[in-house]
Amino acid sequence: MLLAIDTATRLVSLALYDENGIVAEESWRSANNHSSETMPAIAEMLARQQATPEALTGVAIAKGPGSFTGLRIGMSIAKGLCLGLDIPLIAIPSLEITAYAAGDPGGPLYAVLEAGRGRICVARYVYAEGLPVLDGTTELWETDAWLPPTEEQVLVAGEVSAALADRLLDSPQAEQIALTSLAGSVRRAGYLAELAWERLQAGQTDDLDTTQPDYIQFARQST
């Protein structure tokens, strides 16, 4: 059974996954209490399944971008479990999880993640063989400065605030922009677990010593 941990932003999400799919999943908006909330929630989730940590065969972690503190806490928990239980780690970019959850729109997809202090992280994805592939680099923008290129129809998914959604839909390019619903925009650990499960079965795991969170500290992008 695989444990998935996503503490990249204020929305914390956990999931258990096995060969039959999602076993358990929980998401909540934390008041920046990741360090005191995450491990008890993992223990409770395992207990509800009458399982112990020894039942885990791997741990998946959202490796960023995201909050410095949230990423550090999540990675520390994941590595600690993997080291103590001698099981593999699978680290997946946070925005790849968002893009995978949105599904293939048949064109470009922009995955968005809250970066704090009025900023967002944005990455463009395209689908190939049923999976999202990063097309370009991950960028850090001031929220009120970002608009997606709209030479063709695009889907914007992820942590899109009401203010950003209103600005996108009021922009001159609005007819070329589609948004996921608020419920559909939640970055759920179940999707992280599903991606990681396939990689685990294929033996595509990450090195415990060298894997680190992805922190994005770019200068403001020009429009």
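Nothing in this text is a laboratory measurement; each read-out follows from the coordinates by a stated rule. Please read all numbers here as calculations on a predicted model, not as lab measurements. With ideal geometry, Cβ positions are generated from the backbone for all residues, glycine too; neighbour counts draw on all protein chains shown.
Label segment 56-112 by shape, choosing from rounded, prolate and oblate, from the square roots a ≥ b ≥ c of the eigenvalues of the Cα gyration tensor; if a/c is under 1.5 it is rounded, and otherwise prolate applies when a/b is larger than b/c, oblate when it is not. Can you show the working numbers first?
On the way: a/c = 4.85, a/b = 1.88, b/c = 2.59.
It comes out oblate by the Cα gyration axes.
Note on the chain: dipole from Cβ charges, positive end direction compared against GLY118, TYR215, VAL186; the farthest Cα belongs to GLY118. Which ³J(HN,Hα) values in Hz, rounded to whole numbers, follow from the phi angles of segment 91-105 under the Karplus curve 6.51 cos²θ - 1.76 cosθ + 1.60, where θ = phi - 60° and Gly and Pro get x? Per residue, the Karplus-derived 3J(HN,Hα) values read 10, 10, x, 4, 6, 5, 4, 4, 5, 5, 5, 5, x, 7, x Hz. Exposed loop sites, defined as GluC sites (Glu not before Pro) outside DSSP H, G, I, E and B with at most 14 other Cβ atoms within 10 Å, are absent from the longest region of the chain, namely 20-128. Each other residue within a Cβ distance under 12 Å of LEU109 adds +1 if Lys or Arg and -1 if Asp or Glu, for a net charge of -3. Projecting label points 7 angstrom from Cα along Cα→Cβ for ALA47 and LEU169 puts them 4.2 nm apart. Karplus-derived 3J(HN,Hα) values for segment 150-155, using 6.51 cos²θ - 1.76 cosθ + 1.60 with θ = phi - 60°, are 10, 5, 9, 4, 10, 10 Hz; glycine and proline are entered as x.
Can you list, largest first and rounded to whole Å, the semi-axes you get for the chain by taking the square root of 5 times each eigenvalue of its Cα gyration tensor? Could the numbers behind the result be given before it?
Numbers: eigenvalues 186, 63, 49 Å².
Largest first, the chain gives 31, 18, 16 Å.
Amide H contacts of ALA115: ILE120, CYS121, each under 5 Å away and 5 or more positions distant or on a separate chain (H built 1.01 Å from N in the peptide plane; Pro and chain starts excluded).
Could you give the longest part of the chain that holds none of the trypsin sites (Lys or Arg not before Pro) found in DSSP loops with at most 16 neighbouring Cβ atoms within 10 Å? Could you put the intermediate results ahead of the total?
Details: sites that count: ARG117, ARG220.
Free of exposed loop sites, the longest segment is 1-116.
Counting charges near VAL59 (Lys, Arg +1; Asp, Glu -1) among other residues having Cβ under 14 Å from its Cβ returns a value of -3. The magnitude of the dipole of segment 1-59, with charges of +1 and -1 set on the Cβ of Lys/Arg and Asp/Glu and taken from the Cα centre, is near 240 debye. Spacing of the modelled spin labels on THR137 and ASN33, each 7 Å from Cα toward Cβ, amounts to 3.9 nm. In the chain, the calculated helix contribution to ellipticity at 222 nm averages -9000 deg cm²/dmol per residue, counting -39,500 (n - 2.57) for every DSSP H run with n ≥ 4.
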